[in-house]
1. Filter region 46-60 for residues that are surrounded by fewer than 18 Cβ atoms within 10 Å (Cβ to Cβ) and either charged (D, E, K, R) or closer than 18 Å to Gly104 by Cβ (or both) and give the result.
2. If you check Leu80, Leu113, which single one turns out to be assigned to a helix (DSSP H, G or I), surrounded by fewer than 20 Cβ atoms within 10 Å (Cβ to Cβ) and on the phi < 0 side of the Ramachandran plot?
3. Out of curiosity, is Phe38 surrounded by 15 or more Cβ atoms within 10 Å (Cβ to Cβ), at pLDDT below 75 and either in a loop (DSSP other than H, G, I, E, B) or not polar (S, T, N, Q) (or both)?
Amino acid sequence: MEGRNLKKYIKLLLIIQIYMIMLFSAGFLRIPPAHAFFEEQVKYGFEHRWLQMLVDTAPEKRFQAMQAFLTYPEWGLPVLRNSIKTPESDNHSWQIAMLIGMLGDASDIPLLLTSWRQLDKHERSEVWLGAMQRLYWKNYVPSKIIPKLKSLSVKYSKNVAEGDKDSNKSDLLYEIVNPAPVSRLIRVTLQFWQTRIQEKLPAKYFLIPAGGLLKTTMPVRILPVAHAKSVRLDFRIWEVGVSEPLFHRTVSIPSTGF
């Protein structure tokens, strides 16, 4: 039923196109070319109908909208991109991310990554990450040059430095350099050992351009065990979609600062 409705909609637009071509060719009307008129009508349909139907509560309407975008990506993809480019837009749904992952290219990865980070709740994160991974590997350019950890340091909070053991929040600062001639979509994981809380931090995702340098600060709260003189940190860099880390370094951090 949904497929027939879509075909009827497109058929109607084609009839309008043919009718406008006949009138224009006969010189009866002074109007813009019929093809431009047809494109405007299709664009309007995607912006004001199909896009909203992607998040409709009715499964059949969602399927119909998905079919429309997959059938006509040359008109639907720009609408999907614009829907999450607009800061005030609420159209940051996982359905849009999935379609961009299927129809887009590597230039869409920064857009998806930025939009995903801005979500209050990472609803269906596996879809967003899967879309970025799909685009990354679809346009993948291999390189044997891997990203490297340029620097890593801990900035202890003021209260901790003054000896307030109840306040042990600090900042972990690190820099990653990508000397390769291609961009890298990476996942950074940090795992602490010989601590009593927060041993494994949530993974962070970054897209580092060719020859780029990433600088980031991560708040951490570490409480070493009583007998330990240092805290062990395993720092790993993974290429998204690969099971083995590209880079792994073990760092010993003196526990006297915590």
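The values are calculated or read from the model by the stated rules, or taken from the named source; none is laboratory data. Computed from a predicted structure; not experimentally measured. Cβ: placed from backbone, ideal geometry, glycine included. Neighbour counts: every protein chain shown.
1. Answer for region 46-60, where residues must be surrounded by fewer than 18 Cβ atoms within 10 Å (Cβ to Cβ) and either charged (D, E, K, R) or closer than 18 Å to Gly104 by Cβ (or both): Glu47, Arg49, Asp56, Glu60.
2. Exactly one of Leu80, Leu113 is assigned to a helix (DSSP H, G or I), surrounded by fewer than 20 Cβ atoms within 10 Å (Cβ to Cβ) and on the phi < 0 side of the Ramachandran plot, namely Leu113.
3. Considered against the rule, which asks whether it is surrounded by 15 or more Cβ atoms within 10 Å (Cβ to Cβ), at pLDDT below 75 and either in a loop (DSSP other than H, G, I, E, B) or not polar (S, T, N, Q) (or both), Phe38 comes out as yes.
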